[in-house]
Amino acid sequence: MKKTKALFLLFQFVSVFAFAQTLKITGRIIDGETREVIPFSNVILKSTLTGTMADSAGNFRLTIAGRRDTLVVSALGYIDDTIAVSPLTDQLLTIPLEPNAFHLTEVTVKMGENPAFEILRRVIANKPINNPDEKESYEYEVYHKVEFDLNNFTDKIKRNIFLRSFSFIFDNTDTTSDSIPYLPILFNESLSDFYYRKNPPSLKEVVKGRRAVGLKGPKIVQFAQDMYLTPNIYNDYVLILDKNFPSPLSDNYKSNYKFMLLDSLQFKGSRCYHISFHPKIKADVAFTGDMYIDDLTYAVKQIDLSFSIAANVNFVRNYWIRQEYGIVDGSHNMMTKSRVIADFTVAENSKEMTGFFGRKTSDYRNYKVNQPHEDKFYAGHDRVTFNDSAATRTETYWNDARGDSLTKQEQGVFDMIDTLEKVPKFVLLKNSVNAFTTGWIPFGQLDLGDFYSFYSYNKVEEHRIKFGLRGRHLANEKVDFKTYLAYGLGDKRTKYLAEASYILSRHQSKRNTIGGSIRYDAVQPGRSSNILQLDNVFTSFISTAPLEFRSLVKETGGWFERQWFTGFSTRIGVKESEWKPFGDYHYRALNELSSPDTIQHFTLSGIEFSARFAFGERNLSAKFGEGTEGLFFPKYPVISFNYFHGMKDFLNGTFSTEKIKLRIEEKLRMRKLGYMLVRVEGGKTTGTLPWVFLETPIANQLVLNDETAFNLMNYMEFVSDQYASGMIEQHFEGLLFNRIPLIKKLKWREFIFAKMYAGTLSDANNQGKYLFPEAVGQLNEPYVEVGFGIENIFKISRVDFTWRLNYTDKPDVYYFIAKPSFQFKF
């Protein structure tokens with residue numbers, strides 16, 4: 001009897017212990033057939049609301065208390081599974097899920113049609129009602145919070161020689177549900193009022209507050225701000241990381257996706273259809289996800305979109321978006337919340353490679369629909385404006401805006417940066433990285449450089465030594481300047497530059513700036529400046545042909561520039577430019593007896609006006625030929641215009657002329673065919689001029705490729721006084737390579753291109769008094785280059801295979817070449 005009682009008490013003790021103890025269940029969820037991880041899966045304790053979501057690597061961690069012994073695991077496109085777990089011990093699980101696509105049967109579809117198609121047809125038919133952009137107008141307040149976290153760092157990284165002096169930064173480390181450590185390094189938040197009007201079209205955002213704290217290089221902050229963009233799922237295509245993703249609700253929904261009607265159920269107070277989808281071809285740029293569709297209005301109530309390394313998007317392990325919709329302002333179905341979780345890394349296939357999470361949470365509130373303002377409210381060209389106090393909001397303001405206080409880790413970003421900036425070793429490390437990437441060495445408020453041009457070699461100067469200094473955003477961010485001195489040991493001449501600019505006034509995006517410069521140095525007409533400077537040390541030994549026909553130019557000028565709104569700037573200036581031969585050749589002209597004379601120099605002086613349009617591009621320079629600073633190509637065409645009026649006897653000028661140029665560049669998105677880059681330019685020069693002042697194509701004699709230049713043409717090979725050029729590149733984004741079994745693993749992308757330059761010379765310049773060097777000539781037919789290329793080689797490089805189709809009988813030219821180049825592209 002005593003033994004029976006003891007056993008009974010022991011059984012009760014064990015039962016109570018099993019019921020009361022806390023268990024930790026960790027694991028990884030994988031595809032049962034491919035064994036690849038399944039990101040963002042759901043793990044729920046059966047018959048409860050307790051659960052978690054797996055991270056981008058398929059890992060999860062769940063802590064439970066009580067006697068529960070069954071997990072329910074679900075993921076988009078997979079059959080739900082139940083897993084028995086022991087209530088007594090912590091467990092580590094690997095859970096395979098079977099793909100739904102291989103188990104669904106279509107025998108229930110009487111007419112042989114996927115049952116999801118009828119629902120999708122009704123969704124599309126109701127787009128005019130449910131698509132927010134079809135409303136007459138709407139407005140809302142939106143709060144964005146963006147955080148970037150370093151992830152997957154190990155003890156080895158902490159002991160790295162560059163980081164071990166800053167071990168305190170790891171005090172803010174947290175872990176994901178699957179024990180992956182992460183460290184917040186950048187925190188960005190904003191509060192804005194957004195206004196939309198359909199007709200006439202108008203978008204307006206008023207930023208009431210914005211701040212960024214952390215390790216915020218300019219490109220990182222810009223990248224964080226790009227995450228503010230919210231794709232409209234009702235459009236046929238949505239743009240993410242500069243990639244065109246087909247929407248599962250596009251009018252041609254069958255072309256890109258396979259759909260499965262999973263269920264009809266109550267969801268957030270409405271009866272909804274639950275539909276999942278995945279790409280027809282795994283490597284295509286497309287989403288995997290599911291959505292809930294209201295069975296009365298056929299409006300989206302919630303949609304999840306994700307893509308992973310299979311989608312051939314660089315540096316992305318996984319990317320997940322959730323958009324939630326609700327009824328606002330009485331009867332309108334609008335987005336109320338969105339979340340983005342992205343896992344970026346250099347090597348997407350490595351689950352342990354250090355990378356960073358990008359997280360965005362957005363709350364949309366205070367909607368007003370179909371209540372437009374008066375026309376004057378929408379007036380103005382700036383899409384985004386800032387309140388005067390947007391950058392100086394208090395902590396109380398931000399607590400009210402987000403509805404809660406910062407987490408311990410988020411607050412740790414503020415504390416970490418305050419401490420780091422006081423550590424000399426960190427400042428040295430930051431300056432060293434900056435010097436390596438830009439060539440400029442920080443020296444207090446100034447920069448010393450460009451050290452890539454401290455030394456170079458050419459056959460005229462032989463050994464060239466150069467030192468420069470620059471200052472940026474000085475005197476309350478109003479003053480910029482740059483200067484250098486250079487000396488050639490061969491020609492024994494000193495060269496120099498001094499230029500400066502000053503912002504006279506600025507308000508919102510409007511800015512008035514004056515500037516001036518004086519320069520005395522060698523230039524190469526027709527040389528592209530997109531890759532390396534003329535005196536960069538690497539140009540000394542990576543040219544395909546010698547540098548002929550350089551000129552020693554002394555140029556003095558001043559200018560006034562106005563940015564009228566974000567993306568449109570104009571400049572007017574005056575300049576004097578004196579040109580001398582720089583090398584083994586001479587300027588020559590016929591005298592009154594038709595005999596050639598040697599001319600020591602030519603001087604061209606006049607007034608110049610330029611204008612550039614690149615919608616949405618901040619701090620846009622109006623100087624013709626300048627690039628843009630954005631991570632991605634602007635949405636609308638970039639238009640550049642330049643006019644120069646040269647006057648004889650003005651500032652020692654010896655020629656009267658007018659020069660006009662127009663350039664248009666655009667990126668055309670071709671849906672499944674990728675995108676097309678188009679550049680067209682034309683110009684005309686009047687008057688009788690020496691060949692150095694005529695127009696010449698932009699050529700490239702480096703072994704590195706320049707996509708904006710003619711890569712098989714030599715400098716000054718052709719001149720003209722009126723011309724037209726065109727360049728076109730069609731990038732297929734892996735459309736072909738993704739379908740070749742072995743090559744698709746390399747994630748290469750293919751493209752084709754063609755370039756043309758046509759020009760003519762007037763009789764005054766072709767048969768006039770100014771003589772051309774032997775190698776400089778005119779065009780009697782358009783010059784043409786064509787080719788194909790492979791990009792995304794090791795993610796950062798491309799190779800162009802280029803053929804020159806004519807003028808191949810000229811000396812020192814190639815009719816075919818393969819040139820590499822380097823680029824950052826998702």
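The values are calculated or read from the model by the stated rules, or taken from the named source; none is laboratory data. Note that the structure is predicted; figures quoted are calculated from it, not measured. Ideal geometry is used to build each Cβ from the backbone, glycine not excepted, and the neighbour counts take in all protein chains shown. Quick note on the areas: whole protein, heavy atoms, side chains included, nothing else; ligands and nucleic acids left out. Shrake-Rupley method; radii C 1.70, N 1.55, O 1.52, S 1.80 Å.
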Checklist entry - Which of rounded, prolate, oblate describes the stretch 293-404, given a ≥ b ≥ c as roots of the alpha-carbon gyration tensor eigenvalues and a/c under 1.5 marking rounded, otherwise prolate only if a/b is larger than b/c? => result oblate
Item to check | For the stretch 537-675, with +1 on Lys and Arg beta carbons and -1 on Asp and Glu, the positive-most of 627, 616, 670 along the dipole | outcome: 670
Item to check | Listed residue (457, 433, 394) projecting farthest to the positive dipole end of the stretch 390-471, Cβ model | outcome: 457
Checklist entry - For residue 643, what is the net charge nearby, where nearby means another residue's Cβ is under 9 Å from its Cβ and Lys, Arg count +1, Asp, Glu -1? => result 0
Checklist entry - If you stretched the chain out fully between residue 778 and residue 211, how much longer would it get, using 0.36 nm times the residue separation minus the C-alpha to C-alpha distance? => result 198.5 nm
Checklist outcome for this item: Answer in debye to the nearest 20: the dipole magnitude of the stretch 640-744 about its Cα centre, from +1 Lys/Arg and -1 Asp/Glu charges placed on Cβ, is 580 debye
Checklist entry - Which percent of the accessible area of the chain is formed by carbon and sulfur heavy atoms (probe 1.4 angstrom)? => result 58 percent
Next on the checklist: Between (i) 28.0, 93; (ii) 30.3, 96; (iii) 32.0, 139, which entry matches Rg and Dmax of the Cα atoms in Å as derived from the coordinates of this structure?
Outcome noted: (iii)
Checklist entry - In nm, to one decimal, how far is the residue 235 label point from the residue 508 one, both placed 7 Å along Cα→Cβ? => result 2.4 nm
Checklist entry - Which residue, chosen from 790, 802, 773, occupies the Cα position most advanced towards the positive end of the dipole of the stretch 766-821, where the dipole is computed from +1 (Lys, Arg) and -1 (Asp, Glu) charges on Cβ about the Cα centre? => result 790
Next on the checklist: Explain nothing, just compute: Karplus ³J(HN,Hα) = 6.51 cos²θ - 1.76 cosθ + 1.60, θ = phi - 60°, for every residue of the stretch 512-519 in order, whole Hz, x for Gly and Pro.
Outcome noted: 10, 9, 10, x, x, 7, 9, 9
Next on the checklist: Let me check against my output: what whole-number percent is the relative contact order of the stretch 707-792, with C-alpha pairs under 8 Å and at least 6 apart?
Outcome noted: 37 percent
Checklist entry - Taking R0 as 45 Å, what's the FRET efficiency between residue 590 and residue 680 from their Cβ-Cβ distance, rounded to 0.05? => result 0.80
Item to check | Formal net charge of residues neighbouring residue 274 (Cβ-Cβ distance under 13 Å; K, R +1; D, E -1) | outcome: -3
Checklist outcome for this item: For the chain, the dipole about the Cα centre with charges only on Cβ (Lys and Arg +1, Asp and Glu -1), to the nearest 20 debye, works out at 1780 debye
Checklist entry - On average, how much accessible surface per residue is there in the stretch 493-580, in Å², for a 1.4 Å probe, leaving out ligands, DNA and RNA? => result 45 Å²
Checklist entry - What net charge is computed for the residues neighbouring residue 386, neighbours being all others with C-beta under 9 Å from the C-beta of residue 386, Lys and Arg scored +1, Asp and Glu -1? => result +1
Checklist outcome for this item: Summing -39500 (n - 2.57) over every DSSP H run of at least 4 in the chain, dividing by its residue total and rounding to the nearest 500, the 222 nm mean residue ellipticity is -3000 deg cm²/dmol
Item to check | Rounded to the nearest 20 debye, dipole of the stretch 734-816 from Cβ charges on Lys, Arg, Asp, Glu | outcome: 780 debye
Next on the checklist: For the stretch 404-476, which GluC sites (Glu not before Pro) pass both filters: DSSP loop (anything but H, G, I, E, B) and at most 12 other C-beta atoms within 10 Å?
Outcome noted: 421
Checklist entry - What is the distance, in nm, between label points placed 7 Å from the Cα along the Cα-to-Cβ direction at residue 739 and at residue 643? => result 5.0 nm
Next on the checklist: Below 8 Å, C-alpha to C-alpha, sequence gap of six or more: please give me the relative contact order for the chain in percent.
Outcome noted: 7 percent
